[in-house]
Each structure stands twice: as structure tokens, then as C-alpha cells.
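> Before anything else, here's the structure in question.
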Amino acid sequence: MIKPGVHGLTTAFEFLDETRNRVNVMLHDAGDNADFGPDRINSNQELTILQKAVAVVNWATNSKGTQLADYVFRNSPKRLHFIDPADIKKRKNF
């Protein structure tokens with residue numbers, strides 16, 4: 001979920017490298033990722049999703065990334081948790 005009514009977009013290209021192996025290049029617009037916090041998780045359906053494996057990605061580009069990770073991990077204590085911080089150099093702006 002990005003934001004009600006605003007969908008993220010991904011375009012994937014597949015190329016052959018110099019050894020004829022397939023290589024994927026993905027372009028992505030995450031939508032409103034910079035301000036995605038726990039306040040965006042507000043329905044029972046969304047909370048039910050947390051009872052599966054939980055991944056927080058692009059933490060460094062989200063000013064509420066720490067609050068989001070804390071919230072979703074606390075609400076899924078017995079599930080598998082993943083975090084992908086992305087490029088942490090961007091975090092210095094928050």
C-alpha cells in the first residue's frame with residue numbers, strides 16, 4: 001500500500017549481459033514513501049497482514065521509517081522480520 005488512491009509504479013527491463021545471462025533493471029516510484037508511518041496502517045485487514053512475514057524496505061528514504069519498523073515488528077512478534085535500509089547516506093537529512 002502506498003496511499004489510498006495513489007499507487008506506486010514499477011517498470012522492469014530485462015537485458016542480456018556480455019555472457020548472455022539475463023539481467024533485470026527496475027525503475028520504481030514508491031509513491032509517498034518519504035512519509036509512510038504507522039498512522040497509515042489503520043484497518044483490521046492491514047493489521048491481519050502483519051501476521052505473516054513482515055518486511056520494511058527503503059528505511060533510509062522514509063522520515064518515519066524507524067517508527068514504522070517499531071510498530072509493525074511489535075505487532076507481529078512471532079513472525080519473520082526483514083529490514084532493508086537502502087542507502088543510509090540519505091538518512092542524514094532526517
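The numbers here are math on the coordinates, done by the rules we state, and not lab data. A quick note: this is a predicted structure, and the numbers were derived from the prediction, not measured. Note: ideal-geometry Cβ built from the backbone for every residue, glycine included; neighbour counts use all protein chains shown.
> If you look for lysine pairs in region 9-93 that are eight or more places apart or on different chains, how many of them have Cα atoms under 17 Å apart?
Counting lysine pairs in region 9-93 gives 4.
> Same structure again: What ³J(HN,Hα) values, in whole Hz, does the Karplus curve 6.51 cos²θ - 1.76 cosθ + 1.60 give for region 54-61 when θ = phi - 60°, with x put for Gly and Pro?
Taking θ as phi minus 60°, the curve returns 10, 10, 10, 10, 6, 3, 5, 8 Hz for region 54-61.
> Still on this model: Per residue of region 70-82, what does 6.51 cos²θ - 1.76 cosθ + 1.60 with θ = phi - 60° give for ³J(HN,Hα)? Whole Hz please, x for Gly and Pro, Karplus curve as stated.
Result, rounded to whole Hz: 4, 5, 6, 6, 5, 8, 9, x, 10, 10, 6, 10, 10.
> Run the quick spin-label model on A86 and F15: label points 7 Å from Cα toward the beta carbon, then report their separation in nm to one decimal.
My value for the distance between the label points is 2.3 nm.
> When DSSP assigns beta bridges and you keep just the ones with both residues in region 9-93, what percent turn out antiparallel, to the nearest 5?
65 percent
> Once amide H atoms are placed 1.01 Å from N in the peptide plane, what residues at a sequence separation of 5 or more from V56, or on another chain, have their amide H within under 5 Å of its amide H?
Residues meeting the criterion, in which the H sits 1.01 Å from N, are F82, I83, D84.
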